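What follows is a set of notes on a single structure, which appears directly below.
Please treat every number below as a calculation from the coordinates, not as lab data. Predicted model only: the values in this text are computed from it and were never measured. Positions of Cβ are backbone-derived with ideal geometry, glycine not excepted, and every protein chain shown enters the neighbour counts.
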Amino acid sequence: GNSVTQMEGPVTLSEEAFLTINCTYTATGYPSLFWYVQYPGEGLQLLLKATKADDKGSNKGFEATYRKETTSFHLEKGSVQVSDSAVYFCALKRRRGGADGLTFGKGTHLIIQP
Amino acid sequence: DAGVTQSPTHLIKTRGQQVTLRCSPISGHKSVSWYQQVLGQGPQFIFQYYEKEERGRGNFPDRFSARQFPNYSSELNVNALLLGDSALYLCASSLEQESNQPQHFGDGTRLSIL
């Protein structure tokens with residue numbers, strides 16, 4: 001079946017540090033890949049997406065590249081801010097008729113200290 | 001434009017009761033999906049509806065049911081509530097049901113079972 005594995009948190013960084021959150025997946029075929037962010041007390045917000053191999057999704061300084069050979073979609077940001085503190089979820093959606101829901105990882109709690 | 005709206009925001013029920021949660025998708029979105037997010041975990045897919053028909057179902061018991069109305073809004077019903085049903089229930093909408101369409105989430109309904 002489908003699965004998404006994320007690095008365990010919490011991840012604590014200082015402001016302006018470089019961020020990497022690892023994400024690997026298992027799925028048949030070529031799924032679409034997503035990163036969502038969840039702030040306390042809120043729902044999930046789409047951060048970025050990639051729909052085919054070697055695509056790079058980017059938004060608000062965050063980037064992730066769809067790597068088919070390593071089945072990975074790692075999230076990166078060059079210089080984090082305190083406002084980036086949140087829980088980040090990697091997710092996939094299979095192409096099979098589009099009738100499957102998103103499969104999420106367990107989430108990575110990111111804490112940025114001033 | 002309004003995002004995905006869910007009601008109520010919080011709900012307290014006791015074991016054995018029944019609950020109905022409501023969702024209004026983004027205007028123009030025809031697909032609605034429901035997810036259960038237990039504290040500290042990623043969301044789990046429950047249902048997807050598209051054009052008023054169930055198009056996908058996750059691994060949840062028959063106590064969970066849903067429907068979509070002609071205006072594309074949706075309701076999630078849970079019967080015979082158990083303590084383990086305590087969670088944040090998220091609704092997401094997308095334009096179509098295809099895999100590359102991003103899902104946009106509401107802020108959720110926090111359901112507590114006593």
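Could you give the Stokes-Einstein D for the protein assembly as shown in µm² per second, using the C-alpha Kirkwood radius, 25 °C, 0.890 mPa s? Roughly 137 µm²/s, to the nearest whole number.
Based on the Cβ-Cβ distance of residue A:79 and residue B:41, what FRET efficiency does E = 1/(1 + (r/R0)^6) give at R0 = 30 Å, to the nearest 0.05? Efficiency at R0 = 30 Å is approximately 0.50.
Computed from the C-beta positions of residue B:73 and residue A:5 and an R0 of 30 Å, the FRET efficiency is 0.30 to the nearest 0.05. Other protein chain C-beta atoms within 10 Å of residue C-beta, averaged over A:18-29: 0. Once you divide the Cα radius of gyration of the stretch A:5-114 by 2.2 N^0.38 Å, the number left is 1.04.
Between residue B:112 and residue A:59, the modelled label-to-label distance comes to 3.1 nm, taking each label 7 Å out from Cα in the direction of the beta carbon. Within straight cross-link reach of residue B:52, meaning Cα distance under 24 Å, which lysines are found once same-chain residues fewer than 8 apart are removed? Those lysines meeting the cut-off are A:93, B:30.
Once the other residues with Cβ under 14 Å from the Cβ of residue B:62 are scored (Lys, Arg +1; Asp, Glu -1), what is the net sum? Show your work: numbers first, answer last.
Details: positive: B:57, B:63; negative: B:54, B:85.
Spelling it out: positives minus negatives among the neighbours equals 0.
Given the options B:36, B:18, B:68, state which has the largest fluctuation in a GNM of chain B using a 10 Å cut-off (strictly under) for Cα springs. For chain B, modelled as a Gaussian network with Cα springs under 10 Å, the answer is B:18. From least to most packed, judged by other beta carbons within 10 angstrom and beginning with the fewest, A:51, A:70 follow the order A:70, A:51. Of the residues A:64, A:17, A:91, the one that moves most in a GNM of chain A with alpha-carbon contacts below 10 Å is A:17. Among A:73, B:69, sorting on how many other beta-carbon atoms sit within 10 Å of each Cβ, with the fewest leading, yields B:69, A:73. Plainly put, the stretch B:12-95 has a radius of gyration that is 0.96 times its Kirkwood radius, both from alpha-carbon atoms, as the Rg/Rh ratio. Only lysines eight or more places from residue A:77 in sequence, or on another chain, were considered; those with a Cα closer than 22 Å are A:49, A:52, A:56, A:60, A:68, A:106.
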